[in-house]
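To keep things clear, I will list the structure first and then write my remarks on it.
A short reminder: the numbers here are calculations on the coordinates, not readings from a lab. Everything numeric in this text was worked out from a predicted model, so none of it was measured.
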Amino acid sequence: MSWYSIRHSVGTYMAREEGLAAAQTQLRHRSPETTMKYDQAPVEDRKNALDRMG
């Protein structure tokens with residue numbers, strides 16, 4: 001496991017559970033565009049959300 005993979009995991013968790021602003025702060029990104037790469041919901045999560053709507 002590398003430092004990068006740990007950082008990416010933290011960023012993904014923060015974006016998913018706390019929001020992009022929290023992830024940006026945690027990762028110390030200057031630009032919100034940099035943090036946007038962590039805003040990728042897994043296909044299964046999207047499917048579950050659609051199922052709950054229907």
To the nearest 10 degrees, how steep is helix 3-17 against the longest Cα principal axis of the chain, on a 0 to 90 scale? 40 degrees
Starting from one equal scatterer on each C-alpha and no solvent at all, send me the Debye-based log10 I(q)/I(0) for the chain at q = 0.30 Å⁻¹, two decimals. -1.10
